[in-house]
């Protein structure tokens, strides 16, 4: 179905710009009329490129919350979606909700309508909505989805805190290094050499690095970009390279352990949500494999699914793969033996949520002094290399 960009007038007389799927110009006008918009003009987009098409997580949280409130109040699904569509300010998401309304009017269920919007509603989202429709617990599922999305938003915020500060300070360190090596050191180089002293090893190394950066500064700027581009190409075209890279990330000092905890936290939270919603264990594990974002962990979950399918219990399968620490395995064992596996999974999710939060705070406390030491060491090396020969000359003059 072609994608159209349109210009329309809303009931308040304001101009509305956006994009929407339509079969042709007539279908475009009909779809916009259902959205209470009067078409001014519309043109098909030859390539389906959705600039800014990604829906913010905050929009999905509000969508789940408002739809839950309307469902609990007894408002019919179509009327609730129409009210949501009219209150949305995000143009792309408004088009998505309008498409859901049209699909439901055509006879589809809400989960079937969401299946056609996989860019917005992932496999976990659709599976949970389907379970809510089958069990009659859609408001409860929507509330759980809203809580889960809020948790993911908080987790993403914590992860950004770990990444942004080192990136900012690292950028300052790199900029300071370039300034000193390309501008300051060359000016001091001739002065130090004119003193006629034998240059120590650290001074020679400093001048060598400075000469390299002055002569090949463009390579120093282009090489990281080329390496990043080559790595991206290899990861996209070679599945084995992606597996090795994901395994390397998990082995990184300091950050690898936190990354593993974040991935397992996401898995435990999603698995608990799916199982508590009435979805069978094997289907829950299969669904979570697409949300962990790491091929090594995904292969481990595939092995867990295989072991459970062969007749092993949940505890033995996870213990055999070695994904979780002993404390979590003990939680699963107790939950499975008492018939309260859903409660045990919620405890696992709580355990990892707390562990991730504490680990992120510890890393934030460690990063600042580490970067301070790095910058101080760099400046100390430069100062020692330049001022060392000067101090030797002054010492000889005094004697």
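Brief remarks follow.
- Selection status of residue 327, surrounded by 15 or more Cβ atoms within 10 Å (Cβ to Cβ) and touching a residue at least 12 places away in the same chain (Cβ under 8 Å): no
- When each of 212, 235, 206 is tested for being in contact with a helix residue (DSSP H, G or I) (Cβ under 9 Å, 6 or more places away or on another chain) and within 25 Å of residue 297 (Cβ to Cβ), the lone residue that passes is 235.
Yes or no, residue by residue, for (1) surrounded by 17 or more Cβ atoms within 10 Å (Cβ to Cβ); (2) at pLDDT below 85:
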site	(1), (2)
36	no, yes
67	yes, no
92	yes, yes
97	yes, no
100	yes, no
111	yes, no
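- Residue check, residue 179 surrounded by 14 or more Cβ atoms within 10 Å (Cβ to Cβ), in the same structural domain as residue 385 (by TED's automatic domain parsing) and within 22 Å of residue 375 (Cα to Cα): no
- Inspection of the stretch 364-375 identifies at least one residue that is over 28 Å from the mean Cα position of the chain (by Cα) and at pLDDT 80 or above.
- The condition (being surrounded by fewer than 19 Cβ atoms within 10 Å (Cβ to Cβ), without any contact (Cβ under 8 Å) to a residue 40 or more places away in the chain and over 25 Å from residue 150 (Cα atoms)) is satisfied by just one residue among 282, 254, 250: 282.
- Qualifying residue in the stretch 220-232 (condition: surrounded by 15 or more Cβ atoms within 10 Å (Cβ to Cβ) and either farther than 30 Å from residue 113 by Cα or touching a strand residue (DSSP E or B) at 6+ places or on another chain (Cβ under 7 Å) (or both)): yes
- Filter result (without any contact (Cβ under 8 Å) to a residue 12 or more places away in the chain and assigned to a loop (DSSP other than H, G, I, E, B)) within the stretch 294-312: 310, 311, 312
- Hits in the stretch 162-180 - residues which are more than 30 Å from residue 357 (Cα to Cα) and at pLDDT below 80: 176, 177, 180
- Here the condition is being modelled with pLDDT of 80 or more and outside any helix (DSSP H, G or I); of 223, 252, it holds for 252 alone.
- Applying a threshold of 9 Å to beta carbon distances and a minimum spacing of six or more residues, or different chains, the list of pairs starting in the stretch 226-243 at a residue that is in contact (Cβ under 8 Å) with a residue 24 or more places away in the chain and ending at one that is surrounded by 12 or more Cβ atoms within 10 Å (Cβ to Cβ) and outside any helix (DSSP H, G or I) is empty.
- Test: residue in the stretch 38-52 that is assigned to a helix (DSSP H, G or I) and over 22 Å from the mean Cα position of the chain (by Cα): no
- Contact map, the stretch 332-345: residues that are at pLDDT 85 or above paired with residues that are part of a helix (DSSP H, G or I), Cβ distance under 6 Å, separation 6+ or inter-chain. Pairs shown: 333/315.
The values are calculated or read from the model by the stated rules, or taken from the named source; none is laboratory data. Since the structure is predicted, the reported quantities are computational estimates derived from the model, not experimental observations. Cβ coordinates were reconstructed from backbone atoms using ideal geometry, including for glycine residues, and neighbour counts include every protein chain displayed.
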